[in-house]
Amino acid sequence: MYRYYVDDNPYYDLLGKRKRRRRKPRILHWLFAFIVFILAIVSCIAIFKTPVSLGTENILQTRDEKEQTTIYFPSKDNGALEKEYNYAEPVPLSEAVADDYFKDAVFIGDSRTEGLLVNTGLSDTIAYTYKGLTVDTVFTQPAIVQSNEKVTIIEALRNTTFTKAYIALGINETGWPYRDVFIEHYKRVIDEIQKINPQAIIYVQQIIPVSDEVSANHSYIKNEKIKEYNDLIQAMAEQECIYYLDVASVLVDKDGALPEEAATDGIHLKKAYCEKWLDYLKNHTVG
Amino acid sequence: MKTRATIVCILIAGMLLCGCSAKQENVYLDTQALAEALLTEIDFEDELNPVDSTMIKILYGIEDAEEAWVYVGSGATAEEVAVFAFATSEQAKDAWNKAQARVEEQKENFMSYMPQEIDKLSHATVKQLNQYVVVCVSSSDQVEEIIENYVNKD
């Protein structure tokens with residue numbers, strides 16, 4: 001008769017040696033280790049992205065609606081600091097571009113923009129202009145012929161290939177009673193264009209002031225109101241991250257009004273001033 | 001006999017009359033001189049500037065003119081001058097239709113924007129003279145007279 005020895009001792013084998021216990025895998029331990037690993041990765045990323053102080057310069061500023069914000073990030077290439085674009089400011093002076101820069105640009109505007117294109121001969125571009133155009137009629141006025149049918153400017157944009165948009169609206173809305181309604185509707189135009197073409201560079205242009213005579217005598221077009229609207233447009237450009245063009249800076253006199261010789265009726269620019277306007281656009285681009 | 005002779009005379013007269021009406025006058029027009037005369041002799045409110053052939057095609061849809069002198073305003077008014085010369089009167093007829101269409105479109109555009117310009121557009125001169133087309137939008141009533149002074153007929 002054989003005797004069978006049953007190895008039922010979990011700690012020692014039959015020869016008296018201590019056993020190596022195989023422990024059951026503890027899921028909780030692994031989960032904890034994984035969480036710690038993820039936290040370590042996130043911490044490393046956070047440390048990498050934190051702005052670097054350069055001593056006396058106050059690089060990191062608290063963002064609020066009134067202050068300009070300039071944030072510096074370490075460049076991935078050579079460690080030099082690169083400046084993020086400040087949308088609160090007008091597009092700075094740049095190297096002049098030729099007419100063909102505007103070949104794939106769409107100009108959206110009223111009769112003043114129409115005059116710009118006709119008087120400067122900038123014909124190799126996309127002109128979506130209409131006399132009296134407003135931030136509302138961009139959506140509602142059939143103005144552009146496509147496939148033998150007149151469609152609204154927004155509808156036309158949906159069927160248009162473009163990489164840049166130059167928008168100049170606002171003077172026809174200076175008769176509106178509520179400023180916030182104007183800028184809210186302008187934002188809708190911007191939002192729609194961004195939805196149609198998220199990659200497009202959007203330039204929004206200042207409303208060009210009118211002559212002193214028009215400002216004094218017109219029933220609703222006043223330079224003071226134009227200035228208020230321009231402040232709103234500039235703030236909108238910052239919020240929407242689009243490019244603001246200070247076109248009036250090269251067109252107005254020292255009092256901020258359009259000179260008498262600039263326009264027959266104090267509103268619509270003559271050829272010489274249209275050429276100054278186009279010249280400004282050619283010297284203020286971002287890409 | 002008398003009746004037959006009368007009928008024959010009437011037929012011959014009719015044929016002569018038809019022949020006369022079928023004969024076209026040859027018209028010659030110095031298009032550049034006429035355009036300049038319209039610009040200088042009419043008192044325009046707006047500053048009119050010349051546009052090139054690409055812009056003419058955009059504004060009028062005309063691209064087959066042998067000569068084209070087109071001057072448009074700043075946008076402050078609907079004032080405009082255009083003088084075209086074509087190879088044939090058929091081409092001129094087609095251009096005349098396009099010029100009429102432009103004037104009608106301008107009326108539509110200015111109606112709500114600047115209704116005071118509608119009168120100029122309603123009285124615009126859009127004239128075909130054989131292979132020539134002349135367009136003038138202004139408040140002047142001298143346009144026809146100026147055109148007559150520059151038309152040479154054979």
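The values are calculated or read from the model by the stated rules, or taken from the named source; none is laboratory data. Source: prediction; values computed, not measured. Quick reminder, even Gly has a Cβ in these numbers, built from the backbone with ideal geometry, and neighbours come from all protein chains shown. Areas reflect the complete protein model, heavy atoms only, side chains present, ligands, DNA and RNA absent. Shrake-Rupley method; radii C 1.70, N 1.55, O 1.52, S 1.80 Å.
Remarks
- The protection proxy used here, the mean number of other Cβ atoms lying within 10 Å of each residue, ranks peptides A:104-117, A:168-181, A:141-154 as follows, highest first: A:104-117, A:168-181, A:141-154.
- Note on A:114-121: average number of Cβ atoms from other chains within 10 Å of each residue's Cβ is 5.
- Derived scalar couplings between HN and Hα for region B:113-125 equal 7, 9, x, 5, 8, 5, 4, 4, 5, 5, 9, 5, 8 Hz in order, rounded to whole Hz, by the Karplus curve 6.51 cos²θ - 1.76 cosθ + 1.60 (θ = phi - 60°), x for Gly and Pro.
- Here the relative contact order of region B:68-154, from alpha carbon pairs under 8 Å that lie six or more residues apart, stands at 33 percent.
- The Cα center of region B:33-111 and the Cα center of region A:241-280 differ in position by 26 Å.
- B versus A: buried accessible surface, summed, Å² (probe 1.4 Å, to nearest 100): 1500
- 3J(HN,Hα) from dihedral phi, region A:117-132, Karplus parametrisation 6.51/-1.76/1.60, rounded to Hz, x for glycine, proline: 5, 5, 6, 9, x, 7, 8, 8, 8, 10, 9, 10, 10, 7, 4, x
- 10 Å Cβ neighbours from other chains, averaged over peptide B:102-114: 2
- Nearest-10 value in Å² for the accessible area of B:GLU105, using the 1.4 Å probe: 80
- Each of B:LEU11 and A:VAL145 was given a label point 7 Å from its Cα along the Cα-to-Cβ line. The distance between the two points is 5.1 nm.
- Normalised per residue, the accessible area of region A:189-241 is 45 Å², obtained with a 1.4 Å probe and no contribution from ligands, DNA or RNA.
- Here the relative contact order of chain B, from alpha carbon pairs under 8 Å that lie six or more residues apart, stands at 27 percent.
- Chain B - charge dipole about Cα centre, Lys and Arg +1 at Cβ, Asp and Glu -1, debye rounded to 20: 1280
- The phi torsions of region A:31-38, fed into the Karplus equation with coefficients 6.51, -1.76 and 1.60 and a -60° offset, translate into couplings of 5, 4, 4, 5, 4, 4, 4, 5 Hz, rounded to whole numbers, with Gly and Pro shown as x.
- For region A:122-246, share of DSSP beta bridges that run antiparallel, in % to the nearest 5: 30
- Filter on A:LYS270/B:LYS98; B:LYS57/B:LYS120; A:LYS227/A:LYS270 - keep pairs with C-alpha separation over 25 Å: A:LYS270/B:LYS98
- To the nearest 10, the accessible area of B:MET111 is 110 Å² with a 1.4 Å probe.
- Taking amide H positions as modeled 1.01 Å from N, with prolines and chain starts lacking one, the residues under 5 Å from A:TYR244 and 5 or more places away or on another chain are A:VAL91, A:VAL204.
- Of the solvent-accessible surface of region A:153-280, computed with a 1.4 Å probe over protein heavy atoms with every protein chain present, carbon and sulfur atoms account for 47 percent.
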